[in-house]
Amino acid sequence: MIRHAALAAGMLALAACSGPSDRSGAPAIDPAGYTVEVVAEGLSYPWDIAFLPGGDILVTERSGALRLIRNGVLQDGSVSGVPEVFFEGQGGLFEVEPAPDYPASRIVYLTYAHGDADENATALHRARFDGERLVEGETIFTAAPPRDTDAHYGGRMAFLPDGTFLLTLGDGFEYREQAQLRSNHLGTIVRLNADGSPPADNPFFDEGGLAAHVYSYGHRNVQGIAFDARRGIIWSHEHGPQGGDELNRIEAGANYGWPIVTEGVDYNGARISPFTDHQAEGFTAPVLGWTPSIAPSGLMAYQGGLFEAWTGDLFVTALAGTALHRIELDASGEVVGESRILLEGRPRLRQVAEGPDGALWVLTDEAEGRVLRLTPAR
């Protein structure tokens, strides 16, 4: 188990996600070009959304509930069968993701903070959704070692074409040096088989132990990951401290530098590292950075055609930046532009997803959170 060095870890980490709302110089997209519809409201800090064949929609609440939207209406109560979560600080219920073979298997995956204040970690649960509840559930992976902080869990997933998937794991806030070690899961992205085991072609599989799961390392807190099917690229973003948020192109075996190389500074104003040039140090450099921090929280590679001009671009929700960022890419994946959708009231935004019809669905990070649907203006 990892022990923390300060009692205020969770409060400091949360403070990093607050502050002035204008954190990016990117231009605002004309609101006349899109329409915003409130699909559901009154959700307790909604964290993720999943669209199921047949039209059902699942939404996680970080406080521990899995909610169902059916026929466009948020159902009363919650879906039963969800594992008990550690809801404290940044901990709670995180992602919900249907398996690639969901129409046949009805399997969904959930990520969540498991344990208690003394020992907790990011865990992965697999269950079958029978239309009303989760059944036959089992937790198939738990990050190691456990820690006693309530911040930086990661918890995002992305399925790959070969049937494996990636799971992001944070550094636990107080243990940033551990992100440079492959012998634990702190500050890593792991790659797993459908049953939670490590694939034999993982880059560090032959090292054995916990390293067998590791796909990339040197991360701080990756809260967005997406597979870009158009280009065959894995994208992720992660929170820096004060500054140094990163958009990264993820490669097997790569080290992304945290905390040896960073553009950010610590919360007391001290330099974390004298190194800011990833290339010079032999680490993989980000393709885009945000300083001051926007606190990126969700990531989607848009493949739809409803917003035709945006097809192939990335979308990033921001907590401190309180905007939906469009990252414009060229055919090779180079960043060629950035712009922002500013929603009324400038709420903190937690997640963005592409709906079956190509609409953009956005979750607001609020005690009375909302599910929003963006479509082109008529």
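The values are calculated or read from the model by the stated rules, or taken from the named source; none is laboratory data. Remember, it's a predicted structure, so these values are computed and weren't measured experimentally. Ideal geometry is used to build each Cβ from the backbone, glycine not excepted, and the neighbour counts take in all protein chains shown.
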Can you report the number of residues in region 196-247 which are in contact with an Asp or Glu (Cβ under 9 Å, 6 or more places away or on another chain) and β-branched (Val, Ile, Thr)? 3
Which one is farthest from residue 257 (Cα to Cα) among residues in region 227-238 that are out of contact with any Pro (no Cβ under 7 Å at 6 or more places or on another chain), surrounded by 24 or more Cβ atoms within 10 Å (Cβ to Cβ) and not polar (S, T, N, Q)? 235
Quick one: residue 200 ticks every box in (1) surrounded by 20 or more Cβ atoms within 10 Å (Cβ to Cβ); (2) free of Cβ contacts under 8 Å to residues at least 24 places away in the same chain except a single one, so which number is it? (1)
Subset of region 292-332 [out of contact with any Leu (no Cβ under 9 Å at 6 or more places or on another chain) and surrounded by fewer than 17 Cβ atoms within 10 Å (Cβ to Cβ)]: 303, 305, 308, 309, 311, 330, 331, 332
Between a first residue in region 23-48 that is farther than 15 Å from residue 346 by Cα and in contact (Cβ under 8 Å) with a residue 40 or more places away in the chain and a second residue that is in a strand (DSSP E or B) and aromatic (Phe, Trp, Tyr), which pairs have beta carbons less than 6 Å apart while being 6 or more apart in sequence or on different chains? 47/94
(1) over 24 Å from residue 66 (Cβ atoms); (2) in contact with a Lys or Arg (Cβ under 9 Å, 6 or more places away or on another chain); (3) exposed (fewer than 15 other Cβ atoms within 10 Å of the Cβ) all hold for residue 206 apart from (2)
Unique match (being at pLDDT 95 or above, part of a strand (DSSP E or B), surrounded by fewer than 24 Cβ atoms within 10 Å (Cβ to Cβ) and at negative phi) among 68, 110: 68
Return the residues of region 81-98 that are under 14 Å from residue 156 (Cα atoms) and either touching a helix residue (DSSP H, G or I) at 6+ places or on another chain (Cβ under 9 Å) or assigned to a strand (DSSP E or B) (or both); say none if nothing qualifies. 90, 91, 93, 94, 95, 96, 97, 98
Pairing a residue in region 323-342 that is without any contact (Cβ under 8 Å) to a residue 12 or more places away in the chain with any residue that is of a type in the set (A, V, I, L, M, F, W, C) and part of a strand (DSSP E or B), where Cβ atoms lie under 7 Å and the two sit 6 or more apart in sequence or on different chains, gives 330/336; 336/329
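A quick yes/no check of all residues on (1) part of a strand (DSSP E or B); (2) of a type in the set (Lys, Arg); (3) more than 22 Å from residue 168 (Cα to Cα):
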| site | (1), (2), (3) |
| --- | --- |
| 320 | no, no, no |
| 331 | no, no, yes |
| 338 | yes, no, yes |
| 345 | no, no, yes |
| 371 | yes, no, yes |
| 378 | no, yes, yes |
